[in-house]
1. For K35, list the aspartates and glutamates whose Cα falls under 17 Å from its own Cα; do not include residues on the same chain fewer than 8 positions away.
2. Using the Cβ atoms and a cut-off under 13 Å, what net charge is assigned to the surroundings of G75, where Lys and Arg are +1 and Asp and Glu are -1?
3. Charges only on Cβ, +1 for Lys and Arg, -1 for Asp and Glu: so what's the dipole of the range 35-127 about the Cα centre, in debye to the nearest 20?
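Derivation of every value follows stated rules applied to the coordinates shown; laboratory data play no part. None of the values given here were measured: they were computed from a predicted structure. So basically every Cβ, Gly included, is an ideal-geometry build from the backbone, and we count neighbours across all protein chains shown.
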Amino acid sequence: MNATPPTNTAPLAGELTVEWLQVAELAELRRANRKKVMVAGTPVVLFLIGGRVFALRDACVHKQRPLSRGTILHGKVVCPGHQWKFDPETGQAEDSDKCQPVYAVRVDGGHVYLNPQERVPDTVSRG
C-alpha cells in the first residue's frame, strides 16, 4: 500500500507540525498482527501488539533480515535471522547496544498514521 497524506495533520502535544501519512487500516492489522508498507521508498513493518500499533524499519540492524517475516514473542519483535529481540516501542535490541529504527504511530478513526521521520535513540549504536 502506498502511503497517502491524512486529512488531519495537526501536531500532537510537544510536537512540531508533521505530515502524518495514512499507511493502513487498523482492521488490516487485526487480521494478521502485522503489515508491511513502503514509506518514501523505505520498507516499514507495522505490528499490532497488546492492542497498540508500532512501526519499525523492516530490515534488521543486525543482518538486514525482514522483521515482517519474524515473530512476536512476549511483546517483543523477533528477527527471523538470528532471533534478535527488539522492543517495538524503542527499537532497542535485547542483550545488545544496537537499536532498530522506529517510527511514531497514531490511530484515529480506524486509520493508522505514521510520522515518516525515523527515530533512533542517540544513546545506542546505529550499526
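1. E25, D58, E89
2. Values: positive: R52, K76, K85; negative: D87, E89, E94.
For residues surrounding G75, the net value is 0.
3. Values: 13 positive and 9 negative charges, 66 e Å.
Using only the charged Cβ atoms, the result is roughly 320 debye.
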